[in-house]
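Written out below as structure tokens is the structure these notes cover.
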Amino acid sequence: MYSIIFAYIVIAIILCPIKAQDEPIEESYSTSVSGMVNLLLLEAKLIENLNSYADELERKLNILKSTSLNALDSYVLGQHLHKHKNQHGASEWFAESSNGNKTLEESHSTSVSGMVKLILLEAKLIENLNRYTDELKRKLDILKRVVPRLRAESDKGMTQKEDYISNPLNAFSLIRRMQEDWIDWKVFIEEPVGWSHIFYLAQYKSELPSPTDLREACEAIQRLKYYSIAVPILDHALMMGNQAMKTQVFNLRSYVHNMIRNEPNLKPVAKENIASYSLGCRGQFVPQSNLHCEYKMKTSPFLRLAPLKMEIVLLNPFIVVFHDALSPQEIDYLQNLARPLLKRTTVHVNGKYVSRRVRTSKGAWLERDLNNLTRRIERRVVDMTELSMQGSEAYNIMNYGLGGHYAAHYDFFNTTKQQTSETGDRIATVLFYLSDVEQGGATVFPNLKLAVSPERGMALFWYNLLDNGTGDTRTLHGGCPVLVGSKWVMTLWIHERAQLFTRPCLSRCAN
């Protein structure tokens, strides 16, 4: 007993330097038992506050430890974050990047290749969140070890306050705890948790989907109404997106279901080509019966050794399909070339190329003389079409993403402006399919009641111009929304000026 008292006296001498006799003295709790009782009461409040802080950390950990964030978890978490957004400046953080520059939007949903980047990014962010969880757990473990001991000592003093404080060892211990330990606990609580993880998120902020991406994804889901088979997917998407149980979302579901039930009774009067386009996307065109297949082997000596598999789909206008026009190795090589170059595709409007909702995909241009493969494909196209490639455009490789489509359009410009002044209009189109598509993604010609489903390695060829050089409006076509799968295509537009002798412009009228 005496040894313990002696040890406390030594500690007191070390920690408590003796002040000069004439030095002013601050308010002293230790000079009065009543003052010490006030300290006991204050310590009990501080312990309760520390315990509340531990509970808050544990609540965060419980959210982070969930095996999956289902719709309800996401909604609860969203409400929690929304409540604290203004306090922590989250809205400002999402408005500008860490270096103060405005975030450059990238259209993620318009390309499956772009969505793959999001999967890789999400894996990094999940790992960052896991490290944040570990940091919280370390802090919570400290509190769980210490708070029970602090509470036990406090409860001992609260049961018999004056008797407890009458013991000089207890009194000294209380003073020391309140003067030193609780200052340290204040620093412990103020110590920020997750700042390094916030900075990590800030580094990737520019790669996160923007509100525009979310809007485009919503529009893509709505485009799936072209397909009756899409109803289960639409229901699941609406359930996940309708966390707040909004009635207008349920109304949208009812609208789509009614529309699908009434599909056979649709009798559009105006905009017939648009209605036909929708029917073609649903696979409701009657298959063409007068098909003819042959080996094309007379246009060049090489084709005698490796003839092309040609299927004549229509004679007027002339539309053919070449099967196995590209090998799997060639397709893989082209896709690998295009992936790092993919950018949001555009449409030509009033002399400018701009992004529009009518075309949702990403594309890359590859010059025809880029390498041996591109030159070999160019020679193959000459054998397929018997047209000259002089003055034609570069290869345009495109990848379609969530509900990706290209609304019904013409490939020809039918104008004398800059696009056609040097090389002429687009006389023909060669469309290579670089992937199979599980559901959707067909090329539809609504005026011809024709739909061509994608097949990896296949090439579709048609003329855009009549014999007199004017646009053939029967070639109106579009790419149906992709329901399931990744659609890759490569387009080559052939121009008319170099076809002076191979396909001369005739003087007779379009009739």
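Looking for something of a type in the set (Gly, Ala, Ser) and crowded, with 17+ Cβ neighbours inside 10 Å - is there at least one such residue anywhere in the stretch 345-353?
The initial filter retains those residues of the stretch 345-353 that are of a type in the set (Gly, Ala, Ser), namely 351.
Cutting the leftovers down to crowded, with 17+ Cβ neighbours inside 10 Å gives us none.
No: the stretch 345-353 contains no residue that is of a type in the set (Gly, Ala, Ser) and crowded, with 17+ Cβ neighbours inside 10 Å.
State whether the residues of the stretch 493-508 include one that is aromatic (Phe, Trp, Tyr), surrounded by 22 or more Cβ atoms within 10 Å (Cβ to Cβ), outside any helix (DSSP H, G or I) and at pLDDT 95 or above.
no
May I ask you to list the residues in the stretch 327-344 that are in contact (Cβ under 8 Å) with a residue 60 or more places away in the chain, assigned to a helix (DSSP H, G or I) and among the polar types (S, T, N, Q)?
Of everything in the stretch 327-344, just one residue is in contact (Cβ under 8 Å) with a residue 60 or more places away in the chain, assigned to a helix (DSSP H, G or I) and among the polar types (S, T, N, Q), namely Gln335.
So, of the residues in the stretch 463-488 that are in contact with a helix residue (DSSP H, G or I) (Cβ under 6 Å, 6 or more places away or on another chain) and closer than 20 Å to Leu448 by Cα, which turns out to be surrounded by the fewest Cβ atoms within 10 Å (Cβ to Cβ)?
By that ranking, first place goes to Arg474.
Can you find even one residue in the stretch 305-318 that is assigned to a helix (DSSP H, G or I), more than 30 Å from Ala217 (Cβ to Cβ), in contact (Cβ under 8 Å) with a residue 40 or more places away in the chain and out of contact with any helix residue (DSSP H, G or I) (no Cβ under 9 Å at 6 or more places or on another chain)?
No.
Name the single residue, out of those in the stretch 93-151 being of a type in the set (Gly, Ala, Ser) and surrounded by 14 or more Cβ atoms within 10 Å (Cβ to Cβ), that is modelled with the lowest pLDDT. Break it down into steps so the answer makes sense when it comes.
If we filter the stretch 93-151 for residues that are of a type in the set (Gly, Ala, Ser), which is where we start, we get 95, 97-98, 100, 107, 109, 111, 113-114, 123.
Those still in the list that are surrounded by 14 or more Cβ atoms within 10 Å (Cβ to Cβ) too: 97, 107, 109, 111, 113-114.
Working: Ser97: 42, Ser107: 74, Ser109: 76, Ser111: 83, Ser113: 83, Gly114: 80.
The extreme case among them is Ser97.
What's the number of the condition Trp195 fails, among (1) at pLDDT 85 or above; (2) surrounded by fewer than 17 Cβ atoms within 10 Å (Cβ to Cβ)?
(1)
Working only within the stretch 346-361, note down all residues that are in contact with a Phe, Trp or Tyr (Cβ under 8 Å, 6 or more places away or on another chain) and outside any strand (DSSP E or B).
Thr346, Val358, Thr360, Ser361
Modelled with pLDDT of 95 or more and either more than 28 Å from Thr374 (Cα to Cα) or touching a Phe, Trp or Tyr at 6+ places or on another chain (Cβ under 9 Å) (or both): is that true of Leu431 in this structure? Even if it seems obvious, please write down each step before you answer.
Details: modelled with pLDDT of 95 or more: yes; either more than 28 Å from Thr374 (Cα to Cα) or touching a Phe, Trp or Tyr at 6+ places or on another chain (Cβ under 9 Å) (or both): yes.
Here the answer is yes, as Leu431 does meet what is asked.
Pull out all pairs, ordered by first then second residue, where Cβ-Cβ is under 9 Å, the residues are six or more apart or on different chains, the first lies in the stretch 468-494 and is more than 13 Å from Leu431 (Cα to Cα), and the second is polar (S, T, N, Q) and part of a strand (DSSP E or B).
Thr475/Thr429; Cys480/Thr443; Val482/Gln439; Leu483/Gln439; Val484/Gln439; Gly485/Gln439; Ser486/Asn399
Does Leu279 satisfy being surrounded by 15 or more Cβ atoms within 10 Å (Cβ to Cβ) and at pLDDT 90 or above?
So Leu279 does not fit the description; no.
Given the criterion among the basic types (Lys, Arg), surrounded by 13 or more Cβ atoms within 10 Å (Cβ to Cβ) and under 17 Å from Asp213 (Cα atoms), identify the matching residue among Arg368, Arg359.
Residue meeting the stated conditions: Arg359.
Counting only residues that are assigned to a helix (DSSP H, G or I) and among the aliphatic types (A, V, I, L, M), how many does the stretch 362-383 have?
Final tally of qualifying residues: 4.
Can you confirm whether the stretch 416-427 contains a residue that is surrounded by 22 or more Cβ atoms within 10 Å (Cβ to Cβ) and within 20 Å of Ser361 (Cβ to Cβ)?
For the stretch 416-427, residues surrounded by 22 or more Cβ atoms within 10 Å (Cβ to Cβ) and within 20 Å of Ser361 (Cβ to Cβ): present.
The values are calculated or read from the model by the stated rules, or taken from the named source; none is laboratory data. A quick note: this is a predicted structure, and the numbers were derived from the prediction, not measured. All Cβ positions, glycine included, derive from the backbone under ideal geometry; neighbour counts span all protein chains shown.
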